[in-house]
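The values are calculated or read from the model by the stated rules, or taken from the named source; none is laboratory data. As the structure is a computational prediction, the values presented were derived from the model and not from experiment. Ideal geometry is used to build each Cβ from the backbone, glycine not excepted, and the neighbour counts take in all protein chains shown. Each accessible area value is taken on the protein alone, full model and side chains, heavy atoms only, with ligands, DNA and RNA left out. Shrake-Rupley method; radii C 1.70, N 1.55, O 1.52, S 1.80 Å.
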Amino acid sequence: MAKFKSLLALSLVGMALAAPYATAHERGDIIMRAGLVTVDPHEESEDIRLHGTGKLPGTSAGVNSDTQIGLNYLYMLTDHVGLEYLAATPFKHDAYARGLPGDLDGHLGTFKQLPPTVSLVYFPLSPYSTVQPYVGAGINY
């Protein structure tokens, strides 16, 4: 955890020092950003169905969220549109069940994922604006 905090602090200091020089962007620019990335599964669970028994009323299953350090590399295709690649440290998720009898209730397992993601992002404001909100959509493979 100490390594994570040191890396986060170093990233924040670096971004704060570079921020005044990084506000403008234009076609052909390559921008690198670092920060925290969250994978937040939006699962919906109905009653769990066990093989051969049908649905079990009052049961549910879920997966928790995780936050990791991520790096974004952005290539500006135009002054307002860029192609972004997200790389992050592996995300760890716990799967769980509620309302099942005996040892079946609780933690079901853990899985890790390393989601490199490519996104197309749109910056609606002027490339010289001091605030740069954006919206994007991507493919996770």
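Does Ser65 satisfy being open to solvent by less than 50 Å² (accessible area, probe 1.4 Å) and among the small types (Gly, Ala, Ser)? Let's see the steps before the verdict.
Values: open to solvent by less than 50 Å² (accessible area, probe 1.4 Å): no; among the small types (Gly, Ala, Ser): yes.
Answer is no for this residue.
Answer yes or no: is there a residue in the stretch 83-103 that is of a type in the set (D, E, K, R) and in contact with a Leu (Cβ under 7 Å, 6 or more places away or on another chain).
First, pick out the residues of the stretch 83-103 that are of a type in the set (D, E, K, R): 84, 92, 94, 98, 103.
Within this subset, residues satisfying the condition of being in contact with a Leu (Cβ under 7 Å, 6 or more places away or on another chain) are 84.
The answer is yes; a qualifying residue exists.
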Within the stretch 43-55, is even one residue free of Cβ contacts under 8 Å to residues at least 12 places away in the same chain and among the polar types (S, T, N, Q)? yes
So which pairs qualify, if the first residue must be in the stretch 80-91 and under 19 Å from Thr67 (Cβ atoms) and open to solvent by 60 Å² or more (accessible area, probe 1.4 Å), the second must be in a strand (DSSP E or B) and among the charged types (D, E, K, R), the Cβ gap must be under 6 Å, and the two must be at least 6 apart or on different chains? Pro90/Lys112
Reported set for the stretch 40-86 where residues are polar (S, T, N, Q) and in contact with a Gly (Cβ under 9 Å, 6 or more places away or on another chain) is Ser45, Thr59, Ser60, Asn72
Unmet criterion (only one of (1) exposed (fewer than 12 other Cβ atoms within 10 Å of the Cβ); (2) closer than 30 Å to Ala24 by Cα; (3) not small (Gly, Ala, Ser)) for His51: (2)
Ala97 touching a helix residue (DSSP H, G or I) at 6+ places or on another chain (Cβ under 9 Å) and either open to solvent by 70 Å² or more (accessible area, probe 1.4 Å) or touching a residue at least 12 places away in the same chain (Cβ under 8 Å) (or both): yes
Gly28, sole failed condition from (1) open to solvent by 90 Å² or more (accessible area, probe 1.4 Å); (2) in contact with a strand residue (DSSP E or B) (Cβ under 7 Å, 6 or more places away or on another chain); (3) of a type outside the set (Asp, Glu); (4) assigned to a loop (DSSP other than H, G, I, E, B): (1)
Residues Thr59, Thr23: which one is open to solvent by less than 50 Å² (accessible area, probe 1.4 Å) and at pLDDT below 65? Thr23
Assess whether Ile139 counts as being of a type outside the set (Ser, Thr, Tyr), in contact (Cβ under 8 Å) with a residue 60 or more places away in the chain, within 30 Å of Ala24 (Cβ to Cβ) and part of a strand (DSSP E or B). no
